[in-house]
2 protein chains.
Amino acid sequence: MKINSNYLRLKDSYLFSTIAKKIKAYQASHTDADIIRLGIGDVTLPLAPAVVEAMKKAADEMGVKETFRGYGPEPGYEFLRDAIAKYYASKGVNVSAGEIYVSDGAKSDLGNILDIFDADNKVLIPDPVYPAYVDTNVMAGRTIDTARGCEANGFKPMPESHYEADIIYICSPNNPTGAVYTHAELKEWVDYANKCGAVILFDAAYESFVSDPTLPRSIFEIDGARTCAIEFNSFSKIAGFTGTRCGYAVVPEELERGGAKLGALWNRRQCTKFNGVPYIVQRGAEAVFTDEGMKQIKANLAYYMENARVIHEGLESAGVWHVGGVNSPYIWLKCPLGLSSWEYFDRLLERANVVGTPGAGFGDNGEGYFRLTAFGDKERTKEAVRRILADLK
Amino acid sequence: MKINSNYLRLKDSYLFSTIAKKIKAYQASHTDADIIRLGIGDVTLPLAPAVVEAMKKAADEMGVKETFRGYGPEPGYEFLRDAIAKYYASKGVNVSAGEIYVSDGAKSDLGNILDIFDADNKVLIPDPVYPAYVDTNVMAGRTIDTARGCEANGFKPMPESHYEADIIYICSPNNPTGAVYTHAELKEWVDYANKCGAVILFDAAYESFVSDPTLPRSIFEIDGARTCAIEFNSFSKIAGFTGTRCGYAVVPEELERGGAKLGALWNRRQCTKFNGVPYIVQRGAEAVFTDEGMKQIKANLAYYMENARVIHEGLESAGVWHVGGVNSPYIWLKCPLGLSSWEYFDRLLERANVVGTPGAGFGDNGEGYFRLTAFGDKERTKEAVRRILADLK
C-alpha cells in the first residue's frame, strides 16, 4: 500500500491562520481597538428572497410522496440547465443546455476536471493566483510553469513563446488581483491555445461584477474559444451561494482532444464520482434567473460594487498604484513606501486597525502587493478607507 | 495535451438503458399491460417532516443578514459531526466528531478517496458489485483483482491466500446482493488487511436496514478495524436523501500508511477540491437524528422492510434460492429453471409483467441471478410477488 506521495509535496498555507493569529495578538494588547476586516473573501449579504422562497417550496415538495425527487440527473435538472443557457444568451453568448454541467461549485469542478487529463500534461498557472489551481496539480504530480503577473502587464500575464503548456488557467475578473482581460487579450490566449493544442480552464466566477459592456464576461465571447476552452462559473458570488453550493462547467460540443469529446469524458467522470446537486439547491439557483431574483441579486451586487468604488477612488485620490475595484470586488494595490506585503499588513493593523490580505500569500509575484475586498459593510468600508488614507498622509 | 487514456478503457454500461428499451418495446405491443417495477434502486417515500421543517428553517436563516452563512467548514459543521458521532454511539461504536468528514454522498467519497492512494496500488473488488467501485479504479489505471461471490459463500467472498490487495472494497449489507457479513467474517477481513497492510473501504450505506442485533452495522464494531478501515455512509437510504445529497466518511485517527495519517490526507483533498455541503442540507441531516426525526425515518424503513419481508417469504415459500431481504432492501435470487439473468428478465416481463434487474449487469458472477428491491409501493410489491410465484407454479 502506497499513499499518493504527491500529497507530501503540497505546501501548507499559513496565510489565513497567520492573519488570524496576528489579529488575536494585537487585540489582546489593544482591547479597545475597533478593527475593520477588509480582507474577507466571502459574501456577507443574505440570499435573495426569491431564492429562499424557491428553496422552501422545493423542501415542501420533497416532503410529499407525489412531488418527492430521488436521484436527479447527474449533470443537473433541465430546468436549471435551460435557465443557465438563457443567462448566457442574455450576455450574447450562445451555449446549449447540453453543454452545461451543474455541480456543487467551481472549486470542486476546477479540481475534479483534472481527472480527465493525463498526469504528464504541462500546466501553466498565473502567479499571483487562487491557491487551489496549484495544489490540485501538485496532487496529480504535474509539472507547473508560471505566467508572471506584474505591474508592467497590469497583473494580466500574456502568452510567451517559451511556454510549454497543455493546460492553461485563466481567471478574469481575477482573484486575487481584480484585473480583467479585454477581448483582444483573451483572443491572444485563445489563438495561442488553439495553435499549441492546449486547453484553457477559464474561471469566470466573478463575471457578474463586470459592468463595463466592452469587457468579456465569458471566454465564449471570443472567436475560437469553443475549440480550446472550458468555462467554470458559480452561484457563489453572483447570488451569495458560498454556503449553498452550486456551480457549473460549460464544455463546448466542439472541444475534442486525442479523438475524444471532453464533454463526454467530463460527463463520465461526474456520473461515476458524483450524484448531482440537491434538488432544493437547484430550484434556488433557478430562481436567481427569474426577473424578481435578478432584480434582488443586482441590488446585492450594487452594494458590493459601491464598496469597491469607495476603495478604488480612495486609492486613486492618494495616488496608490492598484488594479481591480472597477469591474471586480477585489482591489490589488502596491504597498506604499516600498513595504513588503507583511510589513504593510502589520502597519495597517497597528496604525489604522484595518485588516487586508498580504499579496505574498498568493504566490511569489504577489510580494509587495496587498488585497482589499468589497464584501464588507458599507459604512465600515468607508471608515476603513478613511483610515488607510489618513495613514498614508 | 493528452487525455487520461484510462477513460477509453471504461466499459459502457447498458444495463438500465437495455431494461428501459425492453420495457418500452413490450409496452408498445401490450398497451394494456400493468407492469410493476421491482428493480428500482432509489427510495420512493418522501423526506421526513422533521427534515423538511429543519431545511425550511435553515433557508429562512439564509435569507437574513444576521443568520446568513457563507463558506462553512469543509468537513462539515460541528452540529452535524456531533450528531453523527452520537448516532455511532447509539450503535455502540466509539467514533469522534473529528474523525467524521461530511460530504455530498457516499458515491462521491468512494470515488474521491482514491485520490489519496498511489495509482500503483492493487485493488480487490467483490463481484457482483456496485459498478462505481470498478470504474473509479479503471479511471486511475489501477490493477483490479476480483473476490468472487457465489452460492457456496452466500455471496460473501472471504480472504484468500492468493490475493494481492492494497485496497479492499466491502459493502455490507451488500448492493446488489443484500448479503450481510457477520462479526466473525468481518474480523477475518480486518485481520487480513492488518496483516498485509491493506486499507478496507467499507461501504455502510445500507446499515440502517439491519434489524438483527447480532449483525454488525459498522466496520468499527470489529477489533482492529481502526488501523485498517475507512467507513462510508450516507443519508440516502436511511432518510431518503438520494436527491438531497449528504453522506460522510469516517477515517480513524489511528489509520496511517507510509507515515501519513489518512484522515489528514483526506481532509487536505477535501479542503482543496470541495467546499462543504449546503448549510440547509446539513440542518436537514441533523434533524434525522432528533427523536422526532428518528421516529419518522424508522416508519419509512419499516415500510421498505415490510416489502422486503413479503418478497423474501414469497421466495422462501416457493423454494427459490436467495440471499438478502431480511436485513437489507435487496433480494438476490437464483434464476429458476436454470435460466440466465436476461432470460429470466424477459420471462418475468412477458409472463408476470414484473421488472427486476438481471444479476449479470453487476459483474460476471451475477450471471444466473436476479435482483429485486424493496423500495416500491406496498400493495404493488405484494401483487408482484403473487405474480412471480404464480409463474413458478
Loop-located chymotrypsin sites (Phe, Trp or Tyr not before Pro) in the range A:1-107 whose Cβ has at most 11 other Cβ within 10 Å (DSSP): A:14
Using a 7 Å Cα-to-Cβ projection, residue B:152 label spacings across copies, nm, ascending: 7.4
Listed residue pairs exceeding 22 Å between alpha carbons, taken from B:91/B:237; A:122/B:273; A:122/B:122: A:122/B:122
Label geometry 7 Å along the beta-carbon vector: residue B:42 inter-copy distances in nm: 3.3
Equivalent-ellipsoid semi-axes of the range A:172-297, from the Cα gyration tensor, Å, largest first: 26, 22, 11
Calculated FRET efficiency for the pair residue A:313/residue A:367, C-beta based, R₀ 35 Å, to 0.05: 0.85
At R0 = 56 Å, FRET efficiency that the Cβ-Cβ distance of residue A:148 and residue B:18 yields, to 0.05: 0.55
Residue B:8/residue A:194 FRET efficiency (R0 35 Å; Cβ-Cβ; nearest 0.05): 0.90
Rounded to 10°, Cα long-axis angle of helix B:78-90 versus longest principal axis of chain B: 60 degrees
Sites matching trypsin sites (Lys or Arg not before Pro) across the range B:56-90 that sit in DSSP coil, with at most 11 neighbouring C-beta atoms within 10 Å: B:65
Between 0 and 90°, nearest 10: helix A:183-196 axis offset from chain A longest Cα axis: 50 degrees
10 Å Cβ neighbours from other chains, averaged over peptide A:66-78: 3
Copy-to-copy label separations for residue A:319, where each label sits 7 Å from Cα toward Cβ, in nm and ascending: 10.2
Peptide-level mean, for B:262-272, of C-beta atoms on other protein chains within 10 Å: 3
Residues in the range B:357-393 reached by a label modelled at residue B:302 [backbone nitrogen below 17 Å; 7 Å Cα→Cβ]: B:378-379
Shielding by partners - mean other protein chain Cβ count within 10 Å, residues of B:242-252: 4
Square roots of 5 times each gyration tensor eigenvalue, C-alpha, the protein assembly as shown, largest first, Å: 48, 27, 27
Restricting the range B:119-211 to GluC sites (Glu not before Pro) in coil, as DSSP defines it, with at most 16 other Cβ within 10 Å: B:151, B:160, B:164
Label zone at residue B:162, where the point sits 7 Å out along the Cα-to-Cβ direction: the range B:350-386 residues whose backbone N lies under 19 Å: B:364-366
Whether the range B:17-159 is rounded, prolate or oblate, judged on the alpha carbon gyration tensor where a/c under 1.5 counts as rounded: oblate
Computed Kirkwood radius, in angstrom, where 1/r is averaged over Cα pairs of the range A:113-241: 14.9 Å
Helix A:279-288 vs. chain A, principal-axis angle (Cα, 0 to 90°, nearest 10): 60 degrees
For chain B: Kirkwood Rh in Å [reciprocal of mean 1/r, alpha carbons]: 22.0 Å
Sequence-distant lysines (8 or more away, or on other chains) whose Cα lies within less than 27 Å of residue A:24: A:11, A:334, A:378, A:382, B:65
Estimated inter-spin distance, residue A:256 and residue A:25, nm [label 7 Å along Cα→Cβ]: 5.9 nm
All lysines inside 18 Å of residue A:86 as judged from Cα atoms, apart from same-chain residues fewer than 8 positions distant: A:295, A:298
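Every number here is computed from the coordinates shown, using simple stated rules; none is lab data. Just so it is clear, the structure is predicted and the values come from calculations on it, not from any experiment. With ideal geometry, Cβ positions are generated from the backbone for all residues, glycine too; neighbour counts draw on all protein chains shown.
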